[in-house]
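Q: Mind having a look at this structure? Questions to follow.
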Amino acid sequence: MALFLFRKLARALLTLVACVTAVFFVLRLAGDPLASLLPDDSPQDVIDAYRVRFGLDRTLWDQYVSYLAAAVRGDLGLSFRDGRPVAEVVAERIPATLQLGLGALVLALATGVPMGVVAALNRNTAIDRLVMAAAVFGFAMPIFFLAILLVFVFAMQFRVLPSAGSDTWAHMILPVVVLAAATAGKVARYMRTAIVDILGQPYIRTATGKGLRRFAVIAAHALPNAAIPLITFLGFELGTLIGGAVVTETVFAWPGIGRLLVVSVGQRDLPVVQAIVLLVAATMVTASLLADIVLAWLDPRLRTALGSRGWASS
Amino acid sequence: MTRVSRRTVVRAAVAAPAVVLTPHAFAQTDRRPVLTVAVADLPSVLEPALELNNVGTRVTYSLFDTVIRRDFLGAPDGGGAALKPHLAVSWQRESPRALVVRFRQGVKFHNGDDLTADDVLFTFREGRMWGANAQIPGARAFFGVLEGVDAIDRHTVRFRTRAPDVLMEQRLASWCSWIVNKRQYEALGMEGFGTNPVGTGPYRFVSMRANDHMTFDAFDQYWMGRPTARRVIFREIPELSARIAGLVSGEFDLITNVPPDQLQVLGAYADIEARSVVLANSHLLTFDATGPQTSDKRIRRALALSIDRKKLVDTLWLGRAVIPPSHNYPEYGPMFLENRSNPFDPERARALLREAGYAGQTITYRTMPNYYTGALDAVQIIIEMWKAVGIDARLQVVESFAQMQARGQQVGNTSNSTRFPDPLGALWISWGPNSSFQRNGWFAAEDARPFNEAGLALERAIDLPERRALFARMLDAWEDACPGTILYQPFETYGVKRRIGWRPYSFFFMDLRPDNLRFS
Amino acid sequence: MTAVPLETARRRGDRVPLDILLCLVFLGIVATIALCAPLLAPYDYATQNLTARFRPPVFWGGEWQYVLGTDNLGRCVLSRLLYGTQISIAVAFAGALLGAALGIVMGLIAAHFRGWIDDVVSLLVDVQAAVPTIIVALAALAFFGNDLVLFVILVGMHGWDQMARQTRGLVLAARAAGYAEAVAQIGARAPRVYFVHVLPNIAAALLVQVTLTFPATILLETSVSFLGLGIQPPMTSLGQMLGQGRLFLLNAWWIALLPGIVIFITTLSVSLVGDWLRDRFDPTLERHGER
């Protein structure tokens, strides 16, 4: 297990360093950062002063090393917009996004898992088809379309739910539902497949054969087994949630990372954009590391498979 | 929302002295409502003279007071131009070059300081406002004429100008004359003050978060009386549909930047009202003299002549935006020139194009999608109008001013505000030698020479017929060079809860002073 | 590869079920539109009629001149819908092809060379998977400015990692089966071995993979355009129509809802058909579904 952990950890770090490197070189590829920062007619001495300040007068390698060192310290530069440290600008938005994302994850699991189980137990009946139709509807629905439909109906027609900001609990309802819909649909499909498959396994058939109640069998055997693919899936799904948060936060004026990203892209606030990309990468890598560890802990047989090569990790 | 009855107001007033002594009681006794305003954009700092734009002044108007107050609400259309006492109780001319202003006594700053001549001198000091290397470059357009400001006594100040200046009173009523607190400013410096401002206005700064919100609380020692809202929150909601949905669902009391197409939407709700006002601000197209094709003034004039402004106003602005007669507005009073126009003449445009040898080369029109209300719709219509006279224009949507003004631009958009009702407060500030148009060569130096000569003479002239003649010369030069053209004065619409008594100005300021904000 | 238990033998009959048939018909229509929108559209997508703004569709009390009504500039919504579908599908399709090509090549390289090259490719796949494509796309559009070619490339980045993973696995399996080695021993060169002998054998599985990532590609294009950053006016796309049109939901719902419905039914159809193809042709394919 220790070797496994070490390998996974090293791999995660390597991925992160690769991300930071990629962002650095893409940024340099994008041209002179000063061109977007300074007005066209800036005097040469001003340009030179900024060059020194941002270290652009040094070699690319020097810049890269100091950039890497600064990124490790969490020093991501200053926002172009108001000159505050980027780390601070981004950090103050994290709680709102976490609140939205966790809310959506909980809702997706709370609806998706039961839906999948119900569908599996009633396989090939009308109930199954109905539940699965709802699931397909959930994940095929473009998130922005669902968002504006819900705003239209609940905020503008019936005027029962707020639609902008995060002041009260009621503000959470619409954005969380919107963000959860796609994931809930996918979870339901996943669970259905997993449960149907497990119900077909000999040990479950044996258990039901022994006269145990069906529900007890599912609770005791099928669900824990289904959890393994579900965890793998959720590791992937985090990306969908983060991507969905960008659209959701924009439509609902939710003061989180996603809205900050869209606003910063609009204002070409490159340090903030870059910091958000790195933050997302760090989150995703950490999540997939945690998922691997949990999987290995749940099912030791997976350790060799998971630990061998990067390819196996997903 | 809590309704405020007269009884609660009386009760609150009685309780007020106790409130000062026991801050904890404040929350319970203060029944005044909270006002939440959703705006499209918020300024990044609150140093009032540093954010001389629609976004900044909308907010800073509640934190600071000007020396003299322009009485916008004195006219039914919200565009009154009379001046009335504000922080200044009276002012008089000592000579054409000196104005003596007596300030109100007992005015408090948010930090408890008394307003004195020291603060005024600090606000108008050379290093901040008008020196060669003034901290706030934009302020020179307003106060570059100053030669010195001196204190006569604790509450009296003399403003001296280098040349005779008939506009000093107007300048002191403009959005550049907000008085800042000297002690706070000296303690924190310009940057620190920008995020922790102290003024004398009806609301005091509490907190801000970039791109998100600003919170101000009532300043109960305000010299005009106790503010009517307990707290004012400005929320930045760039998405129009989110602002409207938020107003409808009750999270916002007031929203800004509602385009005309949405009036019908707001009209569907009984408790919401659209309040519109034609702005003392015009939308313009700019023609870059350094760009290909637009370097020829005949082509620039053809571009201007082939725009059917009436049609734009009728379709995009429900016929209610105003097409001013050139860069020339009735609010100038005696300085307004009657016989001017903003012509639509496609025949003349075609002739000019032929003369210039234009052969269908592509002209790039850059615009930001949401900065100016209706800009994206207007540009698409204008491009079709140009097509009708044979001009091939291509739209490029960009995200920032920097991108819009980067090399390769030929046509862009901008807006010009009438900072004070005189050509020197509008045309001259927007297009004069200190403007970015001249500094960057978009308004080319040789084209600008006659314009600048007339303008510099106008700055020193005091005799009305002479001033009118100089203004006419300026305007002729500007129209002939055609570095830009006026489209229309848009009307700005606010979406407001009906129960809120509040009138908009013909300018961006949002007046939330006790005499213009009531809840019923 | 993830050990996802699969429900087997679902829908394995030869008859095409009705829902899939409907989806295929709809996709056929979308493909026709994408190929010949200019022939079908009654007007150009940019033609304005300023005296006929906000006209409702025929079934909502409008006139036959504008079957699906007009938008805020008096442009024919039907025409814009056709052109918008064309652009959206073209961008998504170009992106999907690009992603598939990139993924296949990367997968082949990894499977062929093994060793450290394999490790580098797998690291790239991890990096790609670490940042959701929409975030990469927004950041890149911020860094480089708006550009159609860049936009297509960004859309193409989506899903190449899954394609590479898939290809690598399939190639290794094919090599294990032995025939690639056999061909190689006759003296054929590596690219020839892969493109002539290995690829055709795994083509069906790869095609299914493309079908599975395609809905996400459409959603990526429409999301970015919805946010106002992808396709720019006067050009139009389904996402952009929806983004601009949502301002008029209360007074002219057709401007936003019609493109929204087209996007929804398209992604729904592609998803269902993709699932069906997978179950029918390749039950061993991993079930990532849409990311």
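The values are calculated or read from the model by the stated rules, or taken from the named source; none is laboratory data. Treat the numbers as computed from the prediction; the structure is a model and nothing was measured. Quick reminder, even Gly has a Cβ in these numbers, built from the backbone with ideal geometry, and neighbours come from all protein chains shown.
Q: Looking at C:Val262, C:Val273, which one is more than 9 Å from every other protein chain (Cβ to nearest Cβ), at pLDDT 90 or above and over 19 Å from A:Ala155 (Cα atoms)?
A: Within the list C:Val262, C:Val273, the selection yields C:Val262.
Q: Go through C:Gln244, C:Gln185 for me and flag whichever is at pLDDT below 75 and either buried (at least 24 other Cβ atoms within 10 Å of the Cβ) or assigned to a helix (DSSP H, G or I) (or both).
A: When all the criteria are applied, what remains is C:Gln185.
Q: Right, B:Ile383: facing chain C (nearest Cβ under 10 Å), surrounded by 20 or more Cβ atoms within 10 Å (Cβ to Cβ), modelled with pLDDT of 85 or more and over 20 Å from B:His327 (Cβ atoms) or not?
A: For B:Ile383, the condition - facing chain C (nearest Cβ under 10 Å), surrounded by 20 or more Cβ atoms within 10 Å (Cβ to Cβ), modelled with pLDDT of 85 or more and over 20 Å from B:His327 (Cβ atoms) - is met.
Q: Of everything in the stretch B:335-354 that's assigned to a helix (DSSP H, G or I) and not small (Gly, Ala, Ser), which residue is surrounded by the fewest Cβ atoms within 10 Å (Cβ to Cβ)?
A: B:Glu347
Q: Do any strands (runs of 3 or more DSSP E) lying entirely in the stretch B:29-91 carry at least 3 residues that are among the aliphatic types (A, V, I, L, M), and which ones are they?
A: B:34-39
Q: If you don't mind, another one. Does at least one position in the stretch A:156-170 carry a residue that is in a helix (DSSP H, G or I), within 12 Å of chain C (Cβ to nearest Cβ) and in contact with a helix residue (DSSP H, G or I) (Cβ under 8 Å, 6 or more places away or on another chain)?
A: Checked the stretch A:156-170: at least one residue is in a helix (DSSP H, G or I), within 12 Å of chain C (Cβ to nearest Cβ) and in contact with a helix residue (DSSP H, G or I) (Cβ under 8 Å, 6 or more places away or on another chain).
Q: Right, here's the next one. With (1) without any contact (Cβ under 8 Å) to a residue 24 or more places away in the chain; (2) in contact with a Phe, Trp or Tyr (Cβ under 7 Å, 6 or more places away or on another chain); (3) within 13 Å of chain C (Cβ to nearest Cβ); (4) not small (Gly, Ala, Ser) as the list, and B:Trp317 as the residue in question, which single condition is left unmet?
A: Just one mismatch for B:Trp317, condition (1).
Q: Shifting gears a bit: May I ask you to say which residue of B:Leu303, B:Leu266, B:Leu312, B:Leu284 is buried (at least 20 other Cβ atoms within 10 Å of the Cβ) and either within 14 Å of chain A (Cβ to nearest Cβ) or out of contact with any strand residue (DSSP E or B) (no Cβ under 8 Å at 6 or more places or on another chain) (or both)?
A: B:Leu266
Q: Return the only residue of B:Thr195, B:Thr116 being within 14 Å of chain A (Cβ to nearest Cβ) and β-branched (Val, Ile, Thr).
A: Every option except B:Thr195 fails the conditions.
Q: While we're looking at this one, here's another question. Scanning for something in a helix (DSSP H, G or I), in contact with a helix residue (DSSP H, G or I) (Cβ under 9 Å, 6 or more places away or on another chain), modelled with pLDDT of 75 or more and buried (at least 24 other Cβ atoms within 10 Å of the Cβ), does the stretch A:198-220 turn up at least one residue?
A: no
Q: With C:Leu108, C:Leu98 as the choices, which residue is part of a helix (DSSP H, G or I), away from chain A (no Cβ under 13 Å) and over 20 Å from the mean Cα position of the chain (by Cα)?
A: Matching residue, one of C:Leu108, C:Leu98: C:Leu108.
Q: Which of (1) touching a Ser or Thr at 6+ places or on another chain (Cβ under 8 Å); (2) within 13 Å of chain A (Cβ to nearest Cβ); (3) not in a strand (DSSP E or B) is the odd one out, the single condition B:Pro238 does not satisfy?
A: Unmet for B:Pro238, out of (1) touching a Ser or Thr at 6+ places or on another chain (Cβ under 8 Å); (2) within 13 Å of chain A (Cβ to nearest Cβ); (3) not in a strand (DSSP E or B): (1).
Q: Please count how many residues of the stretch C:48-84 are part of a loop (DSSP other than H, G, I, E, B), away from every other protein chain (no Cβ under 14 Å), free of Cβ contacts under 8 Å to residues at least 60 places away in the same chain and buried (at least 23 other Cβ atoms within 10 Å of the Cβ).
A: Here the count works out to 1.
Q: Among the residues of the stretch C:223-246, are any within 11 Å of chain A (Cβ to nearest Cβ) and over 23 Å from C:Ile135 (Cβ atoms)?
A: yes
Q: Also: Taking B:Ile363 as the residue in question, decide whether it is within 14 Å of chain C (Cβ to nearest Cβ), within 26 Å of B:Asp476 (Cα to Cα) and of a type in the set (Val, Ile, Thr).
A: So B:Ile363 does not fit the description; no.
Q: Quick check on B:Thr414: is it within 14 Å of chain C (Cβ to nearest Cβ) and not in a helix (DSSP H, G or I)?
A: no
Q: In the stretch A:1-26, which residues are over 21 Å from C:Ala129 (Cβ atoms) and in a helix (DSSP H, G or I)?
A: A:Ala2, A:Leu3, A:Phe6
Q: Read through the list (1) within 14 Å of chain C (Cβ to nearest Cβ); (2) buried (at least 23 other Cβ atoms within 10 Å of the Cβ); (3) not β-branched (Val, Ile, Thr), then give the number of the only condition that A:Ala104 fails.
A: Only one criterion is unmet by A:Ala104, namely (1).
Q: Do any residues in the stretch A:9-27 that are closer than 16 Å to A:Leu60 by Cα and facing another protein chain (nearest Cβ under 9 Å) have Cβ atoms under 7 Å from those of residues that are of a type in the set (Gly, Ala, Ser) and surrounded by 15 or more Cβ atoms within 10 Å (Cβ to Cβ), where the two are at least six apart or on different chains, and which pairs are they?
A: The qualifying pairs do not exist here.
Q: Another question about this same structure. Being within 20 Å of B:Ser506 (Cβ to Cβ) and either under 25 Å from the mean Cα position of the chain (by Cα) or not in a strand (DSSP E or B) (or both) is the requirement here; does B:Leu303 meet it?
A: It is false that B:Leu303 is within 20 Å of B:Ser506 (Cβ to Cβ) and either under 25 Å from the mean Cα position of the chain (by Cα) or not in a strand (DSSP E or B) (or both).
To keep it simple, each residue is scored yes or no on (1) assigned to a loop (DSSP other than H, G, I, E, B); (2) touching a Phe, Trp or Tyr at 6+ places or on another chain (Cβ under 6 Å); (3) more than 26 Å from B:Leu279 (Cβ to Cβ).
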position: B:Trp428; (1), (2), (3): no, no, no
position: B:Pro450; (1), (2), (3): no, no, yes
position: B:Glu453; (1), (2), (3): no, no, yes
position: B:Ala472; (1), (2), (3): no, no, no
position: B:Glu479; (1), (2), (3): no, no, no
position: B:Ile486; (1), (2), (3): no, no, no
position: B:Val496; (1), (2), (3): no, no, no
position: B:Tyr505; (1), (2), (3): yes, yes, no
position: B:Leu512; (1), (2), (3): yes, no, no
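So that you can scan it fast, the table gives a plain yes or no per residue for (1) under 29 Å from B:Met168 (Cα atoms); (2) within 22 Å of the chain's Cα centre (by Cα):
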| residue | (1), (2) |
| --- | --- |
| B:Trp386 | no, no |
| B:Gly390 | no, no |
| B:Leu395 | no, no |
| B:Thr414 | yes, yes |
| B:Arg419 | yes, yes |
| B:Asp422 | yes, yes |
| B:Gln438 | yes, yes |
| B:Arg449 | yes, no |
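Q: Give the residue, chosen from B:Glu466, B:Glu459, that is over 30 Å from B:Arg243 (Cα atoms), free of Cβ contacts under 8 Å to residues at least 24 places away in the same chain, of a type outside the set (A, V, I, L, M) and in contact with a helix residue (DSSP H, G or I) (Cβ under 9 Å, 6 or more places away or on another chain).
A: Every option except B:Glu466 fails the conditions.
Q: Cβ contacts < 6 Å: first residue within 7 Å of chain A (Cβ to nearest Cβ), restricted to the stretch B:241-252; second residue part of a helix (DSSP H, G or I) and surrounded by 24 or more Cβ atoms within 10 Å (Cβ to Cβ), any location; separation 6+ or different chain. Result?
A: Partner pairs satisfying both residue conditions: B:Ala245/A:Val151; B:Ala245/A:Ala155; B:Ser249/A:Ala155.
Q: Of the residues that make up the stretch A:129-138, is at least one over 24 Å from C:Leu250 (Cα atoms), surrounded by 23 or more Cβ atoms within 10 Å (Cβ to Cβ) and modelled with pLDDT of 85 or more?
A: yes
Q: Taking the condition of a type in the set (A, V, I, L, M, F, W, C), outside any helix (DSSP H, G or I) and surrounded by 21 or more Cβ atoms within 10 Å (Cβ to Cβ), does B:Ile363 pass?
A: Spelling it out, B:Ile363 is indeed of a type in the set (A, V, I, L, M, F, W, C), outside any helix (DSSP H, G or I) and surrounded by 21 or more Cβ atoms within 10 Å (Cβ to Cβ).
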